[in-house]
Structure formats: C-alpha cells, structure tokens
Amino acid sequence: METYDLVVIGSGAGLNVLKYGLQMGLKCALVEDTKIGATCLTRGCIPSKVLVHPADLIREAEHASKVGIKFRVEKIDWNLIAKRMWSQIDENIVIEESLSHVENLMLFKGNGEFVGEYEMQVKSIESGKIIGHFKGDKYVIASGARSFIPPIQGLKEIEYITNENFFGDKFPEKPWESLIIIGGGVIAAEFAHIFSAFGTKVTIVEMLPRLVMTEEPEISTFLERNLKKYMAVLVNHKAIKVSSNKKEKQVTVQDVNSGEKKDLKAEEILVATGRQSNADKLKVKNTGVETDKHGWIITSKYLETSKPNIWCFGDANGLYQFRHKANYESDLCANNIFGPESEKREVDYSVVPWAIFTSPQIGHVGMTQEEAISKGYEIFVAVKNYSTVAKGFAMGYNEDDIDDGFVKLIIDKSYKLLGAHVVGPHAALLVQPFVYLMNAGYTCDSPEFPARTGPHKLGRSCPEAGSFMPVYKSMVIHPSLNEVAGWAIGNMQPVNIIMKNHEHHHGE
Ligand SMILES: Cc1cc2nc3c(=O)[nH]c(=O)nc-3n(C[C@H](O)[C@H](O)[C@H](O)COP(=O)(O)OP(=O)(O)OC[C@H]3O[C@@H](n4cnc5c(N)ncnc54)[C@H](O)[C@@H]3O)c2cc1C
C-alpha cells in the first residue's frame, strides 16, 4: 500500500500546511470532496462578500438622502453581479489545474474516510468507486464544517437553499420574490441584508430571543431594529414544519413563549441554522481521533488530536469558525509539525476578531461585557456613538437616529483591553486597531522569557502593552470615524469595580 509522508484533508486553510510539506520535499496527498479552495473561496466568505458590497451600496445610496442627495437605483444588474461572483468561485479551477502539476503531490478528488490506523480510503463522489487507498505518516485534518440541517418536519421532503447549493446549482437566475430565512446568526444576517437590498421580501425566523447571539445584546437589538426597516424579523419563533407546492413554500412557525402558530409563505427557504462537523464523513474514530459530543474534533493547545501525528485546525475543531482563525492555526500547526520540538507554539484565542457583513456592519474582538464579568474581571465599559463625532454627523448620523451606531469597549480595571465591539459603517475597520493593541502583549515577562513558548505574549512596551493607553496618548486623525473608537475611552464607566481608596491601578 502507498504511504505518504503527509496527508492533508481539506483544501481550504489545509493548503497552507500542504505548501510547507511540499517545500520540505515530502511526499504529500491532498484529499478534497468538493471544489478546491473549499468553503471560503467557493461557498462562503468570498462569493458572499461579492454580493454584500452591491447591497451595501444600495443602502448607502438610500442613506444619502439624510445628507441632501437623493439617488435612485435604476437597475440591479444581477447578471453582472453573478458573473463577478462566479469569477471568484471559478478560481478553484485554476488552483486545481496548478495543483495537478505539483511534484510530490497526489490529489484525490473524493470523500476520504479512515478505514484503520493511519489508513484512508477515498471514494469518488460521482461514481462511489474507490479512487485511493493509502497510509499516511502524518495527517492534517482541515475538513471544515457544513450547514447544520435542523430536524424540522417536512424539510427532508422539499428542496431548500443552504450556502452550499446557493453557491452551486441552486443559484437563482434573479433575486427571489420572497425568502424565508430560518436562523438568525451570522450567515442569516448577511443573506438577509443581501436579498432585502436586491428587492426580495425577506422574513427571518429565529427561535432564540435575539439575532447574532455572539454579540452584545444591545448590538443584537440595534441590528434587529435596523433590519426591520426592510424585512420581517421574528425572534422567539421556531420553524416547526415546512411544505412546498409548485407555486410557493410554506413554513409554520411557533411563538416559543405563547405557543401560537402561524404560516409564512415565500418563493424560497434558506436554512442557516449553524454549522456541523464533517468528522462523520471522515470516520475519524476509525483511526482513534476523538471528537466532542457535537462531533467537533478535539484539539490540544498545539493543535494535536488525541492520536499522535494527526493534527487538526480550522472549522473542524469547532472553535471560532472564521477563515482568518483557520489561517492563523494553519501557520501555527505547520510550525508545530515541522519545527523543532523546543519551538512548539500554543494557540491563543484571546484576540480572535470577526465581522458580520450585514447592515449595519458589526465588528467584534475579545470578550463581551457579560463574558468579562462571568470570568471574574472587574471592568469599565466605554460607549460612544457615531453621531457624537464630526465625521459621524457629516455622514448623516444624528443623536437618537435608529441607525446611529456605536463603539463599546470592555476594559479591565487595570486598563487592559478585554474586548471591542462596533456596530455601524466600517465596523470591521474600526475594530482592527484594537486587535493589534490587544496583541501587543499583556505581561511584563523578562526579556529572556523565550518567545513563542509560553501562554503569555511578550510584553514589549510594558506596562502599557495591551492596555488602551496608546490610544489615549495618540493623536486621532480629525475629523475621521477613528474618533468614535479613539474617543470612546473618554466615556469610560465602571460596571462592577470595587474602588479601594479611589486608587487606580496601571498595568498588571
Ligand atoms: C456563507 C458563509 C460566509 C462566510 N463568511 C466569512 C467571512 O466573511 N469571513 C470569515 O472569516 N469566515 C467566513 N465564513 C467562514 C469560513 O468560510 C470558514 O471559517 C473557513 O472556510 C474554514 O476553513 P477550513 O479550512 O477550516 O475549512 P473548509 O474551507 O470548509 O475546508 C474543508 C474542506 O474539506 C472538505 N472535506 C471535509 N471532509 C472531507 C472528507 N471526508 N473527504 C474529503 N474532503 C473533505 C470539505 O468539503 C471542505 O471543502 C463564512 C462561511 C459561510 C458558509
């Protein structure tokens, strides 16, 4: 039986580790059951953002009336929008072609499953035939996740949309007349924004009390209020039954508090109720890799699985399902696989940022207020609205407007930054400086403390590292939106800080 030095499952962030293996001259195999480039390139981040941007422009044009300009959207050229989107997805063909010429690499296009210790079989998706059977010295599982399909009565019997078939054979020829979105998380919020802007009558059905549950409650409320300008949002409503006839699809929803039921009708249904692990397809148990009770692969701080010489990262470990987090882990994992034992690095998820590209946009890094308090921190929060800075006003945001977004900072009593949350235009850009600051190091380790080994970041500019002091001491370009974030600190309020003799502590 053929044996590879390195087998990588998944061609998303998995390609990053594969590259290192190939550079080292290892005999490698790549296993992928869908398009090369995987979720982010072919059915996730990238094609969705090609659709988000035109939707943003529509909403911005509408907002322009607040500053004295009236635009009319004359035409939505769906064909051009679609063509631009497919041009990105189709990059997978170019990547696959170039991979097929790489020396020392065997590409298996099919579903890989473990059939024994370090032993794998690959079956073609089309024919079901076995197209590969081999062993690997080292495995990297970067097998990602797929749409979770909830057990709703009737769902198995009808056709519906997920992100997988939307960026596939169910991509509509024109925006649907009406769309019911089951789920109220990140993907739901992005699709709701896209299609409502393109004229689709959208209804969101979420069984939890609020949208985007990962965010601060006031950000969820703010988003819900703003989305409701353009669509129906039913929180606390559970989709319990679906059906379909030639003309339309129907979703029966039930109010989780009153038990009251009602029927919703639309041309199409999008199911966006979270993600599920692909470890089942991979049959990881056959090689002794353990999963948690939800099926996510358990990884150590070095991204090892429970089985020696099998590593895992990205969506497959169920933690923070974002492409930049998968990329970060892929570099760290490559270091731990191929680097010297003494330079092994530990993962650090304390500063994982993300954005939700809905309308208004949301940016997030670190802890929410509730998370910080529940972890035992004594904190300040600082909130500042866009309307309170000159640029915000210039952009048409006034106090008490329902779309007057804000920045909320979560700060430890030592002034260490614990989290930053933004909702409003350019939220992703406004949150990023806090990511850099938070990564600037928290501790005052001595210079001889070996870099990259410990759990702490090296404190280069101690004691201010990781605190908001560099923001406080910096000039902020005037008048720019940076002032919303930079000047938020001026509004710092203690939440649960027990003051001792009115003393403030700087640093740790
Ligand atoms: C609609 C949508 C929008 C998103 N937008 C963003 C965004 O804006 N920003 C962001 O950071 N993240 C976004 N994400 C999340 C992001 O796409 C993922 O976090 C990222 O792609 C994960 O990368 P990965 O390498 O871990 O897994 P993947 O990219 O999913 O790669 C894993 C691949 O392995 C394949 N595979 C699994 N099991 C097997 C098997 N047994 N045999 C063969 N192949 C197998 C899978 O089919 C898949 O193609 C979005 C996701 C979706 C769905």
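The values are calculated or read from the model by the stated rules, or taken from the named source; none is laboratory data. This structure is a prediction, so every number in the text was calculated from the model and none was measured. As a convention, Cβ positions derive from the backbone with ideal geometry for all residues, glycine included, and neighbour counts pool all protein chains shown. Note: accessible area is taken over every heavy atom of the protein model, side chains too, but ligands, DNA and RNA are not part of it. Shrake-Rupley method; radii C 1.70, N 1.55, O 1.52, S 1.80 Å.
Taking all protein chains as they are arranged and a probe of 1.4 Å, the heavy atoms of residue 213 leave approximately 90 Å² accessible to solvent. By the rule of a C-alpha distance below 14 Å, with chain neighbours fewer than 8 residues away ignored, the aspartates and glutamates paired with residue 265 are 177, 248. Across 230, 386, 377, the residue with the most accessible area heads the list, and the full order at a 1.4 Å probe is 230, 377, 386. Across the stretch 121-205, C-alpha contacts under 8 Å between residues 6 or more apart give a mean separation that, scaled by the residue count, equals a relative contact order of 19 percent. Label separation (residue 156 vs residue 214): 3.1 nm, computed from points 7 Å beyond Cα along the C-beta direction. Taking the centroid of alpha carbons for each part, the stretch 72-108 and the stretch 334-371 are 28 Å apart. Charge tally for residue 71 (other residues, Cβ to Cβ under 13 Å; Lys, Arg +1; Asp, Glu -1): +2.
Take every pair of alpha-carbon atoms less than 8 Å apart whose residues are at least six positions apart; their mean separation over the length of the stretch 48-161 yields a relative contact order of 12 percent.
Residue 93 contributes an accessible area of around 100 Å² to the protein surface, as traced by a 1.4 Å probe with all chains present.
Net charge of the neighbourhood of residue 252, taken over other residues with C-beta under 13 Å away and scored Lys/Arg +1, Asp/Glu -1, is +3.
Bridges between two residues of the stretch 148-306, per DSSP, are antiparallel at a rate of about 50%. Spin-label model, residue 248/residue 349: points 7 Å from Cα along the beta carbon direction are separated by 4.2 nm. Excluding same-chain neighbours fewer than eight residues apart, the aspartates and glutamates reachable from residue 66 by a Cα-Cα span under 18 Å are 56, 399, 400, 401, 403, 404. Taken over the stretch 243-309, the percentage of Cα pairs per 10 Å bin, counting from 0 up to the bin with the maximum distance, is 16, 28, 17, 20, 18, 2.
Rounded to the nearest angstrom and listed largest first, the equivalent-ellipsoid semi-axes of the stretch 368-408 from its Cα gyration tensor are 29, 9, 6. Helical content of the chain, expressed as a calculated mean residue ellipticity at 222 nm, amounts to -7500 deg cm²/dmol (DSSP H runs of 4 or more residues, -39,500 (n - 2.57) each, divided by residue number, nearest 500).
For residue 439 and residue 496, a Förster radius of 30 Å and the Cβ-Cβ distance give a FRET efficiency of 0.70, rounded to the nearest 0.05.
Remark: spin-label model distance residue 371-residue 429 equals 2.5 nm, labels positioned 7 Å along the Cα→Cβ axis. Per-residue surface analysis assigns residue 342 an accessible area of about 90 Å², computed on protein heavy atoms at 1.4 Å probe radius. Counting only DSSP beta bridges whose two residues both lie in the chain, roughly 60 percent are antiparallel. Ligands, DNA and RNA left out, the accessible area of the chain computed with a 1.4 Å probe is 53% carbon and sulfur.
Taking packing as the residue-averaged number of other Cβ atoms within 10 angstrom, the listed peptides 253-265, 477-489 run from highest to lowest as 477-489, 253-265. Magnitude of the charge dipole for the chain, about its Cα centre and with charges confined to Cβ atoms of Lys, Arg (+1) and Asp, Glu (-1), is about 720 debye. The orientation-averaged projection of the convex hull spanning the C-alpha atoms of the stretch 181-251 amounts to 4.9 square nanometres. Here the relative contact order of the stretch 366-418, from alpha carbon pairs under 8 Å that lie six or more residues apart, stands at 41 percent. Per residue, how many Å² of accessible area does the chain show with a 1.4 Å probe? Heavy-atom accessible area per residue stands at 48 Å².
For the stretch 125-217, applying the loop criterion from DSSP together with a ceiling of 11 other beta carbons within 10 Å to the GluC sites (Glu not before Pro) yields 126, 159, 173. Across q = 0.08, 0.09, 0.12 Å⁻¹, the chain modelled as identical point scatterers on its alpha-carbon atoms has Debye log10 I(q)/I(0) values of -0.58, -0.74, -1.25, in the order of the q list. Counting Lys and Arg as +1 and Asp and Glu as -1 over every other residue whose Cβ lies under 12 Å from the Cβ of residue 320, the net charge comes to 0. Legend: distances between Cα atoms for 70/238; 19/281; 229/391; 19/129; pairs beyond 32 Å are 70/238. Checking the cross-link filter: which aspartates and glutamates have an alpha carbon closer than 12 Å to that of residue 170, excluding same-chain neighbours under 8 positions apart? Here the aspartates and glutamates satisfying the reach criterion relative to residue 170 are 159, 268.
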